[in-house]
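To start, the structure under review is shown below, and the notes come after it.
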Amino acid sequence: MKRVAETLTVLVLGILVGALVMALWGRDPWSSYASLLSGALGNTRALMSTLSRSLGLVLTGLTFAVGVRAGLFNIGAQGQMLLGAVVALSCGLLRLPPGLHLVAALALSGLAGMAWALPVAALKLTRGVNEVISTIMLNWVAHWLVLYLVIQKLSDPILGQRTFTVPPGMRFPVIRGELTWALVLALATALFFWWFLWHHAKGYEIRAAGLNPRAATAAGISVKKAMTTALLLGGVAAAWAGAIQVLGRFPYAITSDLANLGNLGFDGIAVALIGRNHPLGILAGAFFFGTLATGAAKMGLRGIPIDMIYIVQGVIVVFMAAPEALRLVRLRRPAAKAKEVAR
Amino acid sequence: MRVFLSFLLVGLLSLGVLAADKICLYFDQTGPGDLSFNDMALLGAQKAAADFGLELFYTTASSPMGFLSDLSGLAESGEYVVIVGVGFLLFDALPEAARLYPDQKFAFVDGPNFDLPNMLGLLFREQEGGALAGVVAALVAIANGDPAVGAVAGMEIPPVWRYEAGYRFGAHWAVDWYKAHTGKDADIKVMVTYVGRFDDPAGGKVAAEALIRAGARNILGIAGGTHLGAFDAAEEAGRAAGREIGPPFAYGADAAQEYIKPGFILGSARKRVDVAVYEAVKWALGDEPGKNLVLGIKENGTGFSTYEDIVTFIDLAVKAGYPLAGSPDEILEKILAARQSVPYYVWQALGEFIGQLKAGVIQLPEASTADQIAEVREMYP
């Protein structure tokens with residue numbers, strides 16, 4: 001309850017500071033916020049767009065959150081997301097019956113995400129390499145690898161600016177508007193993470209390892225195994241975030257600048273912080289983030305330049321993410337000492 | 001309350017209670033402020049708004065992830081006579097929105113109409129502007145004894161391919177023209193580097209520096225914001241050699257960009273986005289069904305920057321508060337001095353080429369698909 005009140009307080013603060021920014025530049029903040037809301041939630045079509053936009057954020061949010069629960073600062077979701085997207089897309093080259101095709105694409109994409117998380121775990125647990133360093137580097141390797149594949153190997157034979165589109169039998173069916181049944185994948189994954197972390201022994205071990213690795217070790221828990229599990233699960237979630245951009249969102253392809261995959265991996269960090277690293281909180285955080293993103297165009301029509309929209313969005317997100325970020329910094333201090341045990 | 005009211009307003013508008021009386025420009029990336037493609041679109045829309053008594057609204061996509069939902073929201077409002085999508089990246093989302101909202105008129109700057117009755121495709125013969133730059137670049141290169149001319153390109157998309165195809169054709173035409181008129185032998189290679197982005201000046205600079213090192217001291221920029229870096233590279237190389245005026249020379253695209261590095265930008269391949277947007281509004285106000293409008297040199301849609309163009313864009317830059325390297329008069333003087341620094345026959349050849357192009361004597365190669373551009377690259381190396 002206290003956390004909900006805290007979240008609402010920072011939300012109001014963020015909105016007020018955002019309003020101040022707009023007012024300082026001589027724009028009417030309240031009509032801008034009203035158009036943001038109507039642009040994102042004003043009718044069924046807009047709501048569907050917002051939901052569709054939020055799904056990937058749920059998954060990358062989970063990636064970061066499960067890492068934090070294990071005492072890790074895993075920022076590798078971006079690379080795993082890109083790789084998951086390109087692997088899912090490449091499955092479009094296979095000939096498989098509809099439906100099965102989708103399942104196969106998701107399975108392979110999830111495996112690819114896991115494979116990209118494996119070196120992070122291996123480097124951390126055998127050589128003590130900080131996961132922040134290894135994930136940043138792997139993100140870039142994935143970025144350039146995927147860019148190469150998209151431009152050189154998978155591009156549309158007629159259009160240069162995107163890849164081929166995946167066959168209809170491999171797509172998530174449409175529910176309504178922009179929203180597809182990828183919704184179920186995102187919700188089910190969030191529910192699974194919640195069940196796993198709070199109702200399964202392995203999940204308990206992850207949380208114990210994150211809270212106090214020494215105590216966990218003393219209790220006979222393998223901190224190494226717990227961290228590896230968290231990284232691999234996170235890899236799957238991030239890869240699926242990329243996969244559903246290709247399999248569950250128009251135009252069912254990857255643009256040559258990778259821009260339709262966006263910064264899902266990094267935005268997921270903010271979403272996880274807003275959602276207090278709890279799977280159910282992340283659902284709310286992702287929807288909030290999706291609302292900000294989808295309402296932007298309507299705000300633009302109120303004469304707010306795009307850069308100012310970015311600033312206002314950024315301000316609100318920073319406020320929303322601050323409480324959890326500060327809590328993590330405080331928590332990590334004793335954890336840092338205890339890291340020796342993990343090695 | 002305000003939220004409620006605005007919902008109500010949206011509802012009323014979608015019921016058609018209020019008539020559509022606005023123009024909407026929807027930019028795919030970056031938006032106005034580029035002093036080129038996007039600002040020209042805005043210029044054309046402003047002129048149309050004034051001429052036809054309409055209001056003008058514009059907005060920029062915050063991310064390609066939002067293209068479809070943004071366009072849907074705009075169409076739903078029913079406020080717009082026409083929604084003009086500016087930028088090739090809207091290639092998937094714009095026709096999809098036009099299919100979803102058959103009562104809303106759309107126009108696509110840089111793209112076709114997809115046989116949709118409610119969409120106007122606005123295409124340019126970019127080959128023409130590219131070819132004119134190619135003629136000038138190659139003749140200047142020959143005069144300076146360079147082995148090659150270069151281009152810094154953005155993404156591999158049809159409008160850029162068409163520029164490239166024209167540039168290659170123009171350069172080869174110029175070599176033949178030179179041989180025929182002087183009886184001397186010449187050979188020019190065309191080197192084109194694709195940076196892969198339209199908003200990466202640092203990447204454009206690196207690409208241009210490599211081209212200059214390879215002997216291509218005439219470089220066409222066909223990469224939007226990216227080729228601003230090519231301008232920097234040309235100026236730096238020129239100044240390092242102790243020159244106030246090129247070589248090396250860069251060439252701008254779309255807008256008349258000479259004022260950005262006066263003395264080191266010899267000309268620009270024009271693409272009149274303003275003319276296209278103006279035509280789109282005119283079309284939307286009439287009863288004509290969707291079609292493709294192809295603008296070329298005959299329609300005043302393409303060309304090589306003229307004196308008037310240069311003055312117009314210096315004006316625009318002054319109004320936008322762009323930091324010029326001197327007073328507008330000094331800038332203009334330096335731009336003209338650069339044009340006078342190259343042999344006179346360059347302009348003579350350019351005039352001949354334009355004449356033949358308008359008369360239909362010269363046919364430029366088509367390059368709207370990957371296969372076609374591959375063929376052009378082979379034919380005009």
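The values are calculated or read from the model by the stated rules, or taken from the named source; none is laboratory data. What you see is a predicted model; the values in this text were computed from it and never measured. Cβ coordinates were reconstructed from backbone atoms using ideal geometry, including for glycine residues, and neighbour counts include every protein chain displayed.
Could you tell me whether any residue of region B:345-354 is loosely packed, with under 13 Cβ neighbours inside 10 Å and on the phi > 0 side of the Ramachandran plot? Quick ask: steps written out before the conclusion?
The first filter runs over region B:345-354 and keeps only residues loosely packed, with under 13 Cβ neighbours inside 10 Å, leaving B:351.
Narrowing the set further to residues that are on the phi > 0 side of the Ramachandran plot leaves none.
No.
Quick check: anything in region A:155-165 aromatic (Phe, Trp, Tyr), buried (at least 16 other Cβ atoms within 10 Å of the Cβ) and under 26 Å from A:Phe289 (Cα atoms)? Looking through region A:155-165, none of the residues is aromatic (Phe, Trp, Tyr), buried (at least 16 other Cβ atoms within 10 Å of the Cβ) and under 26 Å from A:Phe289 (Cα atoms).
I'd like to check something: does region B:19-39 contain any residue that is of a type in the set (Lys, Arg), surrounded by fewer than 22 Cβ atoms within 10 Å (Cβ to Cβ), at pLDDT 90 or above and under 25 Å from A:Thr255 (Cβ atoms)? No, that holds for no residue.
Out of B:Lys282, B:Lys261, I need the residue that is among the basic types (Lys, Arg) and either at pLDDT 95 or above or not assigned by TED's automatic domain parsing to the domain that holds B:Phe198 (or both). Which one?
Numbers: B:Lys261 fails: either at pLDDT 95 or above or not assigned by TED's automatic domain parsing to the domain that holds B:Phe198 (or both).
Sole residue among the options that is among the basic types (Lys, Arg) and either at pLDDT 95 or above or not assigned by TED's automatic domain parsing to the domain that holds B:Phe198 (or both): B:Lys282.
Just one of the listed residues (B:Gly73, B:Gly33) is over 14 Å from the mean Cα position of the chain (by Cα), facing chain A (nearest Cβ under 10 Å) and under 22 Å from A:Glu178 (Cα atoms), namely B:Gly73.
In region A:187-283, counting only helices (runs of 4 or more DSSP H) that sit wholly within it, the ones holding 1 or more residues that are of a type outside the set (D, E, K, R) and within 14 Å of chain B (Cβ to nearest Cβ) span A:223-247, A:264-274. Screening A:Leu191 on (1) over 23 Å from the mean Cα position of the chain (by Cα); (2) touching a residue at least 60 places away in the same chain (Cβ under 8 Å); (3) surrounded by fewer than 18 Cβ atoms within 10 Å (Cβ to Cβ) shows it passes everything except condition (1). When A:Val66 is tested against (1) farther than 25 Å from A:Lys224 by Cα; (2) in contact (Cβ under 8 Å) with a residue 60 or more places away in the chain, exactly one condition is not met: (1). Here A:Met320 fulfils each of the conditions (1) assigned to a helix (DSSP H, G or I); (2) within 19 Å of A:Val87 (Cα to Cα); (3) in contact with a Phe, Trp or Tyr (Cβ under 8 Å, 6 or more places away or on another chain) apart from (2).
B:Ala280 meets the conditions (1) surrounded by 21 or more Cβ atoms within 10 Å (Cβ to Cβ); (2) among the aliphatic types (A, V, I, L, M); (3) farther than 28 Å from B:Asn113 by Cβ in every case but one. The failed one is (3). Which residue, of A:Phe289, A:Phe266, is more than 30 Å from A:Pro98 (Cβ to Cβ), surrounded by fewer than 22 Cβ atoms within 10 Å (Cβ to Cβ) and at pLDDT 85 or above? Being more than 30 Å from A:Pro98 (Cβ to Cβ), surrounded by fewer than 22 Cβ atoms within 10 Å (Cβ to Cβ) and at pLDDT 85 or above holds for just one of A:Phe289, A:Phe266, which is A:Phe266.
So if I check each of B:Leu324, B:Leu336, which one is among the aliphatic types (A, V, I, L, M), over 30 Å from B:Gly121 (Cα atoms) and without any contact (Cβ under 8 Å) to a residue 60 or more places away in the chain? Quick ask: steps written out before the conclusion?
Numbers: B:Leu324 fails: without any contact (Cβ under 8 Å) to a residue 60 or more places away in the chain.
Within the list B:Leu324, B:Leu336, the selection yields B:Leu336.
The condition of being of a type in the set (Gly, Ala, Ser), closer than 21 Å to B:Ile335 by Cα and at pLDDT 95 or above holds for only one of B:Ala165, B:Ala151, B:Ala207, that being B:Ala151.
Please verify whether region B:77-89 includes one or more residues that are buried (at least 24 other Cβ atoms within 10 Å of the Cβ), among the β-branched types (Val, Ile, Thr) and either under 25 Å from B:Ala256 (Cα atoms) or under 19 Å from the mean Cα position of the chain (by Cα) (or both). Checked against the condition, which is being buried (at least 24 other Cβ atoms within 10 Å of the Cβ), among the β-branched types (Val, Ile, Thr) and either under 25 Å from B:Ala256 (Cα atoms) or under 19 Å from the mean Cα position of the chain (by Cα) (or both), region B:77-89 yields at least one hit.
Just to be sure before I move on: is B:Val175 under 23 Å from the mean Cα position of the chain (by Cα) and not charged (D, E, K, R) in the structure I sent? I'd like the intermediate steps shown before the answer.
Details: under 23 Å from the mean Cα position of the chain (by Cα): no; not charged (D, E, K, R): yes.
No; evaluated as a whole, the condition is false for this residue.
For region A:1-58, the set of residues classified as surrounded by 15 or more Cβ atoms within 10 Å (Cβ to Cβ), over 24 Å from A:Ile282 (Cα atoms) and away from chain B (no Cβ under 14 Å) consists of A:Val21, A:Met22, listed by residue number. Would you confirm whether any residue within region B:48-61 is in contact (Cβ under 8 Å) with a residue 12 or more places away in the chain, at the interface with chain A (Cβ under 7 Å from one of its Cβ atoms) and aromatic (Phe, Trp, Tyr)? Scanning region B:48-61 turns up at least one residue that is in contact (Cβ under 8 Å) with a residue 12 or more places away in the chain, at the interface with chain A (Cβ under 7 Å from one of its Cβ atoms) and aromatic (Phe, Trp, Tyr).
For B:Val84, state whether it is more than 13 Å from chain A (Cβ to nearest Cβ) and at pLDDT 95 or above.
Working: more than 13 Å from chain A (Cβ to nearest Cβ): yes; at pLDDT 95 or above: yes.
Taking the combined requirement at face value, the residue satisfies it.
The residues of region B:156-189 that are touching a residue at least 12 places away in the same chain (Cβ under 8 Å) and hydrophobic (A, V, I, L, M, F, W, C), listed by number, are B:Ile157, B:Val160, B:Trp161, B:Ala165, B:Phe169, B:Ala171, B:Trp173, B:Ala174, B:Val175, B:Trp177, B:Ala186, B:Ile188.
Would you say A:Ile151 is within 14 Å of chain B (Cβ to nearest Cβ) and either part of a loop (DSSP other than H, G, I, E, B) or farther than 19 Å from A:Leu83 by Cα (or both)? Against the criterion (within 14 Å of chain B (Cβ to nearest Cβ) and either part of a loop (DSSP other than H, G, I, E, B) or farther than 19 Å from A:Leu83 by Cα (or both)), A:Ile151 does not qualify.
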